[in-house]
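One structure is given below, encoded as structure tokens.
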Number of protein chains: 2
Amino acid sequence: MARNSQAARITKSRAGIRPRPGRTRSGNGSVHNDLMNDEIGLDALAGHAGYAVRRFQIWIFQDFIRTLAAVDIRPTQYSVMTVIGANPGLSQMAVAKRLGIERARLVHLLDSLEHRDLVSRIKSATDRRSHALHLTARGRTALAQFKRLAAEHERHVAEKIGKENRERLLQILSAFT
Amino acid sequence: MARNSQAARITKSRAGIRPRPGRTRSGNGSVHNDLMNDEIGLDALAGHAGYAVRRFQIWIFQDFIRTLAAVDIRPTQYSVMTVIGANPGLSQMAVAKRLGIERARLVHLLDSLEHRDLVSRIKSATDRRSHALHLTARGRTALAQFKRLAAEHERHVAEKIGKENRERLLQILSAFT
DNA sequence: AACAATTGTTGTCGTCAACAACAATCTTCC
DNA sequence: GGAAGATTGTTGTTGACGACAACAATTGTT
């Protein structure tokens, strides 16, 4: 169903992070080509945190998606289930704020998870505007498996950048978690 | 022109990274609410590199966009101009590979930059399929200003996570640059 | 010369962030 | 107590972005 196909697509294009140019400059023998080696860079792109972070984020998400492809769970879905699992009864607003998701977006995410019988929206008795979010029984056992796979993904990260570097990175970015 | 309005939009919604919940759980007094404090978390979301990186990446891009809003340049546009500026004459394929962008996407990016007279596509004489990419005179002076603003953005990053942490992070992620 | 590969281009699809508008439902304040 | 304002979930739109597929023009290979 539409996401499986995408997961499959991503699984296909895989290997090292970026298809670093096997050969770089095409046949153009135009101006200013002082660097006759094969690397393009040395460019001023190094030293830009945003660029490195973006590339890393793409890599890490692709690995997450690939590692959890069998259960068809994407990072955002995982984070939603994790938060609900740890704090049953939260409203959609609360979950959205916690995860920095827009409540508009959460609607579709929950629709999907609810259709898969992983999460249930229970009408709150005290505030009839809001829904209390809970994992279903199936959702709870499923989440346990998701967490095992997520842990495997984290091991991939550690392999990629080093165990200590991963921990240092988590520490540096702890303010954003 | 369509992007200015978006930059303005982003500029508006601003402050600390995330609107951390002032009040958390809504009025629902439902099941399992063992934690009576105001924080939702303590959840298992800590320890997940991908989540922290995603949040950080969002923050850093928003700051970049905001800092360069006056010149209406987004991160991807900046990276394209930087690579072309450092390696004049590159083909679109070469730039796409270097930046991990699809060549299909680069077409629109270059269309935009070319319309703004920042970049020019010059038909290669040696390979008539490809275009040699160059900055225009206007593009060169513009890029110099962009780089000054980008440096200001980097200072924001350093303020946010600490100067040493920023450098450590750049070092950890250097493989992805 | 025939066939395969590459380059730029166009177009489609799905994800995602940001907004706006709306009905139903609290909350506040007079 | 009731009007005015705020909040919650929902629907829909826009734009940036990554992944793909198909195509014409051109180059490379055999």
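The values are calculated or read from the model by the stated rules, or taken from the named source; none is laboratory data. Values in this document were obtained by computation on a predicted structure and should not be read as measured data. Positions of Cβ are generated from backbone atoms using ideal geometry, with glycine treated the same way; all protein chains shown enter the neighbour counts. Side chains are part of the model used for accessible areas, which takes the heavy atoms of the whole protein and leaves out ligands, DNA and RNA. Shrake-Rupley method; radii C 1.70, N 1.55, O 1.52, S 1.80 Å.
Checking each residue of segment B:5-18 against the condition of being modelled with pLDDT of 95 or more, among the β-branched types (Val, Ile, Thr) and either within 25 Å of residue B:122 (Cβ to Cβ) or open to solvent by 20 Å² or more (accessible area, probe 1.4 Å) (or both) gives no match. Scanning segment B:85-105 turns up no residue that is more than 12 Å from chain A (Cβ to nearest Cβ) and either under 24 Å from residue A:47 (Cα atoms) or among the aromatic types (Phe, Trp, Tyr) (or both). So for segment B:25-45 (the condition being open to solvent by 30 Å² or more (accessible area, probe 1.4 Å), modelled with pLDDT of 95 or more, within 12 Å of DNA strand D (Cβ to nearest atom) and not basic (Lys, Arg)), does at least one residue qualify? For segment B:25-45, residues open to solvent by 30 Å² or more (accessible area, probe 1.4 Å), modelled with pLDDT of 95 or more, within 12 Å of DNA strand D (Cβ to nearest atom) and not basic (Lys, Arg): absent. Among the residues of segment A:94-130, those that are surrounded by fewer than 12 Cβ atoms within 10 Å (Cβ to Cβ), within 8 Å of DNA strand C (Cβ to nearest atom) and in a loop (DSSP other than H, G, I, E, B) comprise A:102, A:126, A:128, A:129. Once segment A:131-145 is narrowed to residues that are in a helix (DSSP H, G or I) and open to solvent by 20 Å² or more (accessible area, probe 1.4 Å), the residue that is nearest to residue A:87 (Cα to Cα) is A:140.
Can you confirm whether segment A:146-167 contains a residue that is open to solvent by 10 Å² or more (accessible area, probe 1.4 Å), at the interface with chain B (Cβ under 7 Å from one of its Cβ atoms) and on the phi > 0 side of the Ramachandran plot? Scanning segment A:146-167 turns up no residue that is open to solvent by 10 Å² or more (accessible area, probe 1.4 Å), at the interface with chain B (Cβ under 7 Å from one of its Cβ atoms) and on the phi > 0 side of the Ramachandran plot. Scanning segment B:55-68 for residues that are open to solvent by 40 Å² or more (accessible area, probe 1.4 Å) and within 23 Å of residue A:150 (Cβ to Cβ) yields a count of 1.
For segment A:62-79, indicate whether the set of residues that are under 16 Å from the mean Cα position of the chain (by Cα), within 7 Å of DNA strand D (Cβ to nearest atom) and within 12 Å of chain B (Cβ to nearest Cβ) is non-empty. Yes, the conditions are met somewhere in segment A:62-79.
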